[in-house]
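*Asks:* Structure below; questions to follow.
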Amino acid sequence: MVGILLLTHGKLGEAVLDVVTMLLGPQEQVRALALNPGDQIDAFREKARQLATELDQGDGVLLLVDVAGGSPANIALEMVTSGNRAVVTGVNLPMLLELFIHRKEMKLARLVDRVQNWGREGIATLKSEDMGSAAV
């Protein structure tokens with residue numbers, strides 16, 4: 001199974017994983033690492049490398065980051081050169097829910113392709129007529 005590492009600014013990664021756990025139950029081979037104000041970038045880089053190594057149990061690691069061009073994304077890109085790893089930006093909850101539902105049946109390359117689609121499909125403009133009488 002592909003390992004999942006979320007590298008984000010602040011607690012975004014931890015927060016979306018909390019919601020995933022609430023909706024789908026506890027997940028294996030997943031970690032979130034937050035880059036907070038005042039954190040040392042070299043310490044963040046080293047911890048990210050350590051977690052990616054721990055998460056890779058032979059099927060690779062998918063690194064999910066919040067925004068392209070940010071420090072977490074840049075560090076993730078540095079890590080792609082070693083091992084079976086890939087980086088996808090724009091992490092969101094719909095993307096993660098589908099990822100955790102399907103990741104046991106897909107290899108890393110297929111997950112990279114699908115996770116981008118799941119993320120895009122989770123973004124839509126809702127109108128009141130789309131909701132009907134459904135209660136949330």
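*Asks:* Counting heavy atoms of the protein chains only and a 1.4 Å probe, report the per residue accessible area for the chain as a whole number of Å².
*Replies:* 56 Å²
*Asks:* Debye calculation, C-alpha points only, no solvent: report log10 I(q)/I(0) for segment 1-79 at q = 0.12, 0.15, 0.18, 0.27 Å⁻¹, in the same order as the q values.
*Replies:* Reported log10 I(q)/I(0), two decimals: -0.31, -0.49, -0.70, -1.35.
*Asks:* If you scale each eigenvalue of the Cα gyration tensor by 5 and take the root, what three semi-axes come out for the chain, rounded to whole angstrom and sorted largest first?
*Replies:* 26, 18, 14
*Asks:* Under 22 Å from the Cα of K11, which lysines turn up, not counting those fewer than eight places away in the same chain?
*Replies:* K47
*Asks:* Stretch E14-K47 to full length: gain in nm at 0.36 nm per residue minus the Cα-Cα span?
*Replies:* Answer, rounded to one decimal: 10.3 nm.
*Asks:* Subtract the Cα-Cα distance of E54 and K104 from 0.36 nm times their separation in residues, and report this length gain in nm to one decimal.
*Replies:* Gain on extension, E54 to K104, equals 16.2 nm.
*Asks:* While we're on this one: When the chain is fully extended, how far beyond the present Cα-Cα distance does N36 get from M1, taking 0.36 nm per residue of separation?
*Replies:* Answer, rounded to one decimal: 9.7 nm.
*Asks:* Let me ask you something else. Which FRET efficiency value, to the nearest 0.05, is calculated for E129 and N92 with the Förster distance at 30 angstrom and r the Cβ-Cβ distance?
*Replies:* The value I calculate is 0.80.
*Asks:* Using a 10 angstrom cutoff on alpha carbons, build the Gaussian network for the chain and name the most mobile of T125, T53, T89.
*Replies:* Ranking T125, T53, T89 by mean-square fluctuation puts T125 first.
*Asks:* With the chain treated as a Gaussian network of Cα nodes joined by springs under 10 Å, which of N84, N36, N92 yields the largest mean-square fluctuation?
*Replies:* N36
*Asks:* Within the accessible area of the chain, what % is carbon and sulfur when the probe is 1.4 Å and the other protein chains stay in place?
*Replies:* 52 percent
The values are calculated or read from the model by the stated rules, or taken from the named source; none is laboratory data. Note that the structure is a prediction, hence the values are computed from the model and not measured. Virtual Cβ from ideal backbone geometry, glycine too; neighbours counted across all protein chains shown. Ligands, DNA and RNA are excluded from the accessible area calculation, which covers all protein heavy atoms including side chains. Shrake-Rupley method; radii C 1.70, N 1.55, O 1.52, S 1.80 Å.
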